[in-house]
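Here's the structure we're looking at; comments come further down.
The values are calculated or read from the model by the stated rules, or taken from the named source; none is laboratory data. Since the structure is predicted, the reported quantities are computational estimates derived from the model, not experimental observations. Cβ placement follows ideal geometry from the backbone for every residue including glycine, while neighbour counts extend to all protein chains displayed.
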Amino acid sequence: MEEKNQKQKIENLMFISWAIAFIGTIGSLYFSEVRHYIPCELCWVQRIFMYPLAITLAIAVIRKDAKQAVYTLPLSLLGAGFSLYHYLQQKIPVIGENSGACGIIPCTHQYINWLGFITIPFLAFMAFISISLIMVWIIKTTKE
């Protein structure tokens, strides 16, 4: 019975991580296609890591494949690293001033700034970190 509950918990967490990646993907498309926010270069890099997560996690959920966590974790960690760097460029002037050119839209530009700290890279960072933590837990649990 305990093993069945553990398996169900893993499946639920895989679904939650897919939902996070899916919402992140839809959110980025909303900002660019509906709100017409032009993504900067770092935003594109973050998309490169988020979009495949939505696909691979969907496959993992459908196939009930917890082993997919091993392949998903590096993508989410790399995406988190780029998101954190982008967020620091926006919020810490010394980093933003020394970041150089970032394309048509500067990477320091903040289309949104909810509550004084929630920007698009912050949202992406939270999504990547949430997925990463879930994947670490799944990997640790399935190895036991």
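From the list T56, T72, T119, T25, the lone residue that is farther than 30 Å from K9 by Cβ, within 14 Å of the chain's Cα centre (by Cα) and among the polar types (S, T, N, Q) is T119.
The residues in the stretch 112-138 that are more than 22 Å from Q89 (Cβ to Cβ), in contact (Cβ under 8 Å) with a residue 60 or more places away in the chain and surrounded by fewer than 21 Cβ atoms within 10 Å (Cβ to Cβ) can be counted, and the count is 2.
Here T141 meets each of (1) assigned to a helix (DSSP H, G or I); (2) crowded, with 18+ Cβ neighbours inside 10 Å with one exception, condition (2). List pairs: first in the stretch 56-81 and without any contact (Cβ under 8 Å) to a residue 24 or more places away in the chain, second small (G, A, S) and part of a helix (DSSP H, G or I), Cβ under 9 Å, 6+ apart or cross-chain? That search, which allows pairs on different chains as well, returns T56/A21; Y71/A60.
Evaluating H109 against the criteria (1) part of a helix (DSSP H, G or I); (2) at pLDDT below 95; (3) within 20 Å of the chain's Cα centre (by Cα) leaves one unmet condition, (1). The residue list I55, I95, I59 contains one member that is part of a helix (DSSP H, G or I) and exposed (fewer than 13 other Cβ atoms within 10 Å of the Cβ), which is I59.
Could you tell me whether E33 is under 21 Å from T141 (Cβ atoms), surrounded by fewer than 17 Cβ atoms within 10 Å (Cβ to Cβ) and free of Cβ contacts under 8 Å to residues at least 12 places away in the same chain? Criteria not met by E33.
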